[in-house]
Amino acid sequence: MQNHQAPNYPGQPESEITQAVVYKHYMAIAPIVLGIALISLAAIVASFFYNQYAQTLPVNLPDWAVNLAGFLAIAMVLFLSMGTFWIWRRNKVVITNQHIVDIDQIGVFNRTVSTLRLEEIQDIKASVRGPIQTILKFGTIVIQTAGNRENFVFDYMPKPYELEHFILQTRKKYHGQERD
C-alpha cells in the first residue's frame, strides 16, 4: 500500500511513512523576538520624545523625513518578525519509518537537510539544562551514529525525553531491534 501524503522533507520517497514532525521550541527565537521588541520600543520612545520636544531641538527635521523614518522602522519590524517566524517554522525534525531528517533553515535562502537512517543510530541522549529549560520543557537531543559520521544534535526540542523514547520505539518497531 502506498502512502499518498505530501512529503515532509525534500526527496522523501512515497513509500516512506512519516511518523512525526517536530518543530523547534519557541524559545529558539526568543532572543530575536526580544530584539524586535526593543527596536519597536526604541522607535515608540523616539517618536514620543520627538513629538514632545521638536520645537526645542536645534535642528528642525522636515515632516517627510520624520514620516520616512517611522515608515522604515515599522517596515523593519514587520520584515524581521515575518522572517523570524518563517525561518523558525521551516526548522524541523522529520521522523519516518526509515530516517530521521534534520531540516535547518539558516537564513531566508539557506537551508540544510541532513538525513540519518534509523539503523545507524547507536545511542540517543536527551538533556534538559537549567531552570528555564526545565520549566518550559525543552532541551537537546544528541544521536550517536554508527561509523565515522558526526553526531546529530537537535537543540530546542520540545519534551526531549519523550522524543528520545519515541525515536527508540520507532526504530524498534520498524527494524525489530531491541534497544534500551
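Kindly indicate whether any position in segment 128-140 is farther than 19 Å from Glu164 by Cβ, in contact with a helix residue (DSSP H, G or I) (Cβ under 9 Å, 6 or more places away or on another chain), polar (S, T, N, Q) and surrounded by 13 or more Cβ atoms within 10 Å (Cβ to Cβ). Full working, then the answer.
Let us first name the residues in segment 128-140 that are farther than 19 Å from Glu164 by Cβ, namely 131-132, 135.
With in contact with a helix residue (DSSP H, G or I) (Cβ under 9 Å, 6 or more places away or on another chain) added as a condition, the list becomes 132.
Now narrow it down to the ones that are polar (S, T, N, Q): none.
Checked against the condition, which is being farther than 19 Å from Glu164 by Cβ, in contact with a helix residue (DSSP H, G or I) (Cβ under 9 Å, 6 or more places away or on another chain), polar (S, T, N, Q) and surrounded by 13 or more Cβ atoms within 10 Å (Cβ to Cβ), segment 128-140 yields no hits at all.
Residue by residue, here is whether (1) of a type outside the set (Asp, Glu); (2) surrounded by fewer than 13 Cβ atoms within 10 Å (Cβ to Cβ); (3) closer than 19 Å to Ile29 by Cβ holds:
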site	(1), (2), (3)
Asp63	no, yes, no
Ala69	yes, no, no
Ala75	yes, yes, no
Gly83	yes, no, yes
Arg90	yes, no, yes
His99	yes, no, no
Phe109	yes, yes, yes
Thr112	yes, yes, yes
Subject >> Of all residues in segment 8-31 being small (Gly, Ala, Ser) and in a helix (DSSP H, G or I), the one that is surrounded by the fewest Cβ atoms within 10 Å (Cβ to Cβ) >> reply: Ala30
**OP:** Might you check whether a residue that is touching a Gly at 6+ places or on another chain (Cβ under 8 Å), surrounded by 12 or more Cβ atoms within 10 Å (Cβ to Cβ) and within 30 Å of Ile44 (Cβ to Cβ) occurs anywhere in segment 114-123?
**Re:** no
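Just wondering, is there one or more residues in segment 159-176 that are part of a strand (DSSP E or B) and either loosely packed, with under 14 Cβ neighbours inside 10 Å or under 18 Å from the mean Cα position of the chain (by Cα) (or both)?
In the first step, residues of segment 159-176 are kept if they are part of a strand (DSSP E or B); the result is none.
Checked against the condition, which is being part of a strand (DSSP E or B) and either loosely packed, with under 14 Cβ neighbours inside 10 Å or under 18 Å from the mean Cα position of the chain (by Cα) (or both), segment 159-176 yields no hits at all.
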**OP:** Of all residues in segment 69-96, count the ones that are polar (S, T, N, Q) and without any contact (Cβ under 8 Å) to a residue 60 or more places away in the chain.
**Re:** 2
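Where a number appears in this text, it was derived from the coordinates with a stated rule and is not lab data. Not measured: the values here are computed from a predicted model. Glycine also receives a Cβ, built like all others from the backbone with ideal geometry; neighbour counts cover every protein chain displayed.
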